[in-house]
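Heads up: the structure comes next, in structure tokens.
The values are calculated or read from the model by the stated rules, or taken from the named source; none is laboratory data. Only a predicted model underlies this, so the values are computations on that prediction, with no experimental measurement involved. Note that each Cβ is placed from the backbone with ideal geometry, even for glycine, and that neighbours are counted across all protein chains shown. These accessible areas exclude ligands, DNA and RNA; they are computed on the full protein's heavy atoms, side chains included. Shrake-Rupley method; radii C 1.70, N 1.55, O 1.52, S 1.80 Å.
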Amino acid sequence: MSIKIRMIGTGSAFAKKYFNNNALVTSGDYTLLIDFGITGPLSMYQMNMPLDRIDGVVVTHLHADHIGGLEELMLRLRFDYKKKPTLFIEEHLVQPLWDYSLRGGLEFGAGGTQKLDDFFHIIPLTARKPQEVAPGLRLEIWPTRHFPDMPSYAIILNDKLFYSGDTVFDPNLIGSALERGCDYILHECQLEGQGLFHATLAELLTLPEDVQRKVRLMHYGDHMEQYIGHTGLMTFLHQHETYEFPI
Ligand SMILES: Nc1ccn([C@@H]2O[C@H](COP(=O)(O)O)[C@@H](O)[C@H]2O)c(=O)n1
Ligand SMILES: [Zn+2]
Ligand SMILES: [Zn+2]
């Protein structure tokens, strides 16, 4: 059993070379989108990947580099493809996603007054409670520390793959993922500066070698290439590339 992850983008919020850090997970016939930021629709177009491939979306948090492409996705799926995908999102984020991020552009549309559940089958998630997505694909969300008081989540797939979402460097969180049995740690990485809201490369380099071997770096800035060969035993994920994980 394996899942494939194709990186729609691997860049940080304001990076211009690498698109926003969003990913497509494929398990059997099912395609799950992890986040869909402002650059998501253009990146999908460049990958020649039609939006109706998407069966479900899981959202880590409400920053625009993670949800800014949803308006286009929702309109195209509802009106062009007549498809209603599933939205997996932490239960307390359902209403804020609609009220603060999407409602202004979507409430009054071609279909009259619209609501979030006109576009998505909504599955509210509870942190640390496993949720089946499709046969052979299970996810769990774990809270992360990102901006103070801002709800933000990492994603665990099949107890084997940890996808950090946005978080400060949190060795306890990584330790919990390893204890759970995760063999793959896809982790955000801020290349330069202080890690106020993100994990810096310098901080990630303090991880022991056996952990670094499991770490793939994403959500990085435009100077990524300068850092190739300077990431210890960790390697970069690259936009538009597909990675297969036997999980
Ligand atoms: N000085 C800043 C920089 C960014 N933000 C907010 O964060 C979003 C970027 O998200 P990342 O977590 O991926 O960096 C950006 O869209 C802003 O909403 C901020 O508040 N202050
Ligand atoms: Zn981000
Ligand atoms: Zn963020």
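Brief remarks on what is shown
- Over 19 Å between alpha carbons, listed pairs LYS83/LYS115; LYS4/LYS160; LYS84/LYS115; LYS82/LYS115; LYS17/LYS160: LYS17/LYS160
- Positive dipole terminus of the chain, leading residue within GLY109, VAL211, GLN95 (C-beta point charges): GLY109
- Full-stretch length increase - LYS115, GLN226 - with 0.36 nm per residue and alpha-carbon distance subtracted: 35.4 nm
- Surface calculation, 1.4 Å probe, protein heavy atoms: ASP80 sits at approximately 100 Å² accessible.
- Helix 171-180 and the longest principal axis of the Cα set of the chain meet at an angle near 80°.
- For region 1-115, the alpha-carbon radius of gyration amounts to 1.03 times the rule-of-thumb value 2.2 N^0.38 Å expected for a compact globular protein.
- Probe 1.4 Å, all protein chains present, accessible-area order of THR126, THR200, largest first: THR126, THR200
- Scattering profile of the chain at q = 0.10, 0.13, 0.16 Å⁻¹ [log10 I(q)/I(0), Debye over alpha-carbon scatterers]: -0.44, -0.75, -1.17
- Charge sum, other residues only, whose C-beta stays under 10 Å from ARG78's C-beta, Lys/Arg counted +1 and Asp/Glu -1: +2
- Model label sites at LEU42 and ALA64, defined 7 Å from Cα along the beta-carbon direction, differ in position by 1.3 nm.
- For region 118-247, the orientation-averaged shadow of the C-alpha convex hull comes to 9.4 nm² (one quarter of the hull surface).
- Listed residues ASP222, ASP117 arranged by accessible area, highest first, probe 1.4 Å: ASP117, ASP222
- Residue ranking by accessible heavy-atom surface, 1.4 Å probe, largest first, among GLU179, GLU209 comes out as GLU179, GLU209.
- When the solvent-accessible area of the chain is split by element, carbon and sulfur atoms take up 51 percent of it, the probe being 1.4 Å.
- Here the chain is treated with +1 on each Lys and Arg Cβ and -1 on each Asp and Glu Cβ, and its dipole about the Cα centre works out to around 460 debye.
- Residues whose amide H comes within less than 5 Å of that of GLU107, counting only those at least five positions distant or on another chain, are absent (H built at 1.01 Å from N in the peptide plane).
- Value at 222 nm in deg cm²/dmol, rounded to 500, when DSSP H runs of n ≥ 4 in the chain each add -39,500 (n - 2.57): -3500 deg cm²/dmol
- Karplus-derived HN-Hα couplings along region 145-156 (A = 6.51, B = -1.76, C = 1.60, θ = phi - 60°), whole Hz, x at Gly and Pro: 9, 10, 7, x, 6, 8, x, 8, 9, 8, 10, 10
- Accessible surface for region 3-242, divided over its residues, is 44 Å² per residue with a 1.4 Å probe.
- Inter-site label distance for ASP55 and GLU192 at 7 Å from Cα along Cβ, in nm: 4.3
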